[in-house]
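Take a look at the structure set out below.
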Amino acid sequence: MSQKNFNVPNTLTFLRIIAIPFLFWLILTSKNAYAIVLFVLILTTDFLDGYLARRLKQKTRLGSILDPIADKFFYASVLFGVLIKNNMINWIIFFSIVSLLYILAYLIFIKKKIKVSYLGKVFVVLDLIVLFALLLGMVNDSILILFAVLLSIPALDYILKMMKRKK
């Protein structure tokens, strides 16, 4: 790993990755207040690492790969933590399949170098609001369907963009 990869934004991303298993554990053990605090801290480091990378001109290839991976692990830890804690087996199976599809798609997007769209950023915020609601205990089929729909819309947008690139 090169010296330029050791910078403040990448360090924040690494800290975020390290914090994610603790968040998952806090959710599973019903330590909700601590889980909410860590959720907010992880979100803050996510915002800061991107902001600082741009502001300090410290964008790296490693950071551009690790940041979205950290994001996906963050979402998955909250979602699966809540689903496991609430014994929602059917939803665990559904989102496990969706997660695998997202991993495959992400690998393709890295290879094709497709950039995050404005629509994707808007839906990330909406996804985070739903994840926060789940963390607060608002767990039911309706909110999980909403989360699945919110995940699907930007995914379809990226697929359409990728298809246009092939033409």
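Nothing in this text is a laboratory measurement; each read-out follows from the coordinates by a stated rule. These numbers were taken from a predicted model, which means no experiment stands behind them. Backbone-built Cβ (ideal geometry, glycine too); neighbour counts: all protein chains shown.
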* Structure fact -> Candidates Val98, Val78, Val130; GNM for the chain (alpha-carbon contacts under 10 Å) flags as most fluctuating Val98
* Asked: Can you give the net charge of the other residues whose Cβ lies under 13 Å from the Cβ of Leu56, counting K and R as +1 and D and E as -1?
  -> +4
* Set the Förster radius R0 to 22 Å, insert the Cβ-Cβ distance between Asn90 and Leu136 as r into 1/(1 + (r/R0)^6), and round the FRET efficiency to 0.05. => 0.50
* Give me the distance in nm between label points sitting 7 Å out from Cα along the Cα-to-Cβ direction at Val149 and Ile65, one decimal. => 3.7
* Structure fact -> Here, Leu107 and Val37, labelled 7 Å along Cα→Cβ, have an inter-label distance in nm of 3.9
* Given the rule -39500 (n - 2.57) for each run of at least 4 DSSP H residues, summed and divided by the residues of the chain, what is its mean residue ellipticity at 222 nm, to the nearest 500 deg cm²/dmol? -> -29000 deg cm²/dmol
* What is the spin-label model distance, in nm, from Thr44 to Met163 if the labels are put 7 Å beyond Cα along the C-beta direction? -> 4.3
* To do: Answer with a single label: of (1) 24; (2) 35; (3) 31, which was calculated as percent of Cα pairs over 25 Å apart from the structure in view?
  => (2)
